[in-house]
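What follows is calculated from the coordinates using simple rules that are stated; it is not laboratory data. This is a predicted model, so every value here is computed, not measured. Note: ideal-geometry Cβ built from the backbone for every residue, glycine included; neighbour counts use all protein chains shown.
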Amino acid sequence: MTESFKNFWYGSFDPAGYITVDKPPVALWFMAISAKIFGLHGWSIVLPSVLFGVGSVYLIYQLVTPFFGKNAGRLSALAMTITPIVVADSRTNNMDATLVFFLLLAVWLLVRSISKHNVWLLIVSFSLIGIAFNVKMLQAFMILPAMYLFYWLAANESWKSKITKLVFATVGLAVFTLAYPVSVDLTPASQRPYVGGSETNSELELAFGYNGTERLLGQTTGTGGTFGGGMNAKSQKKSTGGPGGGKMPTAMKQNGKTPTGKTSKNGGQKMPTGGPGGQAG
């Protein structure tokens, strides 16, 4: 990603730019920029996660202090600092530290927008959720119901004003959510890497399929296969595609090609094996 803007933009780890990771690349962009500035080292890849982790602790302090005082703010910040999963994620190149930071920043701006009666802060707040969507997709939307409800109950305005401002905020959310995946899907497939984790080479299908309903219903693993036993046992027996009985991506079945690097019976051309599939979870 540090040697090719194409790989950087699409989040493709392999030098040939054959396939992307199974998440949007926003979190990876920070890691690639850090590696470009400081060189490719373990610490330079992890540095953005560390900074986002520290930033999240500061935001927790800023969120709690105005309502409950400095002591409560310090205790809250300390609690987050020593939470094992926070420490673990802030020391790795996982995307969770980046996601949490953007979500907390969005909530902090939401609170500020209410206290200052500033619609632009509200729009930026919801737009940040759209950016967070392009970190780890639908996981970012989990706090949206609480944000809408909090603004509706806390804002000291008429209901018409609340609706109007929330409509503008939702437009900002939609724009920043869809800008990247739509731009990828509108790019001809021959001019970009294959969208890893998807069956139709679509970023939107990845978001609402593999990383959306399929994970919610427990139909996939991190490698695109199905879990053994239970409701998927029959599908495992019938399917012969990906790991654990997962289906072969539809877009990679055309013209007799398979993603295994072998020539099919129909005489299709050989294709290289897929690049890194990205992080699961």
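At full extension, ALA16 and LEU217 could sit 69.0 nm farther apart than now, given 0.36 nm per residue minus the alpha carbon distance.
Between ALA146 and THR200, what FRET efficiency follows from the Cβ-Cβ distance if R0 is 30 Å, with the result rounded to 0.05? Display every interim value, and only then the final one.
On the way: r = 33 Å, r/R0 = 1.08.
For ALA146 and THR200, the calculated efficiency is 0.40.
Paramagnetic label reach from ALA154 (point 7 Å along Cα→Cβ; backbone nitrogen cut-off under 20 Å): within region 164-206, residues 164-173. Note on ILE85 and LYS70: the model spin-label points, each 7 Å out from Cα along the C-beta direction, lie 3.2 nm apart.
Sorted by packing (mean other beta-carbon atoms within 10 Å per residue), highest first, where do 59-72, 173-186, 132-145, 9-22 land? Could you put the intermediate results ahead of the total?
Numbers: 59-72: 14.8, 173-186: 16.8, 132-145: 19.1, 9-22: 20.9.
Per-residue mean Cβ counts within 10 Å order the peptides as 9-22, 132-145, 173-186, 59-72.
Note on region 85-120 and region 1-52: Cα centroid distance 21 Å, given to the nearest whole angstrom. Extending 7 Å from the Cα toward the beta-carbon at both PHE208 and PHE38 defines two label points whose distance is 3.9 nm. Residues in region 51-68 carry Karplus couplings, in order, of 5, 5, x, 5, x, 5, 4, 5, 5, 4, 4, 5, 6, 8, 4, x, 9, 10 Hz; the curve used is 6.51 cos²θ - 1.76 cosθ + 1.60 with θ = phi - 60°, and Gly or Pro positions show x.
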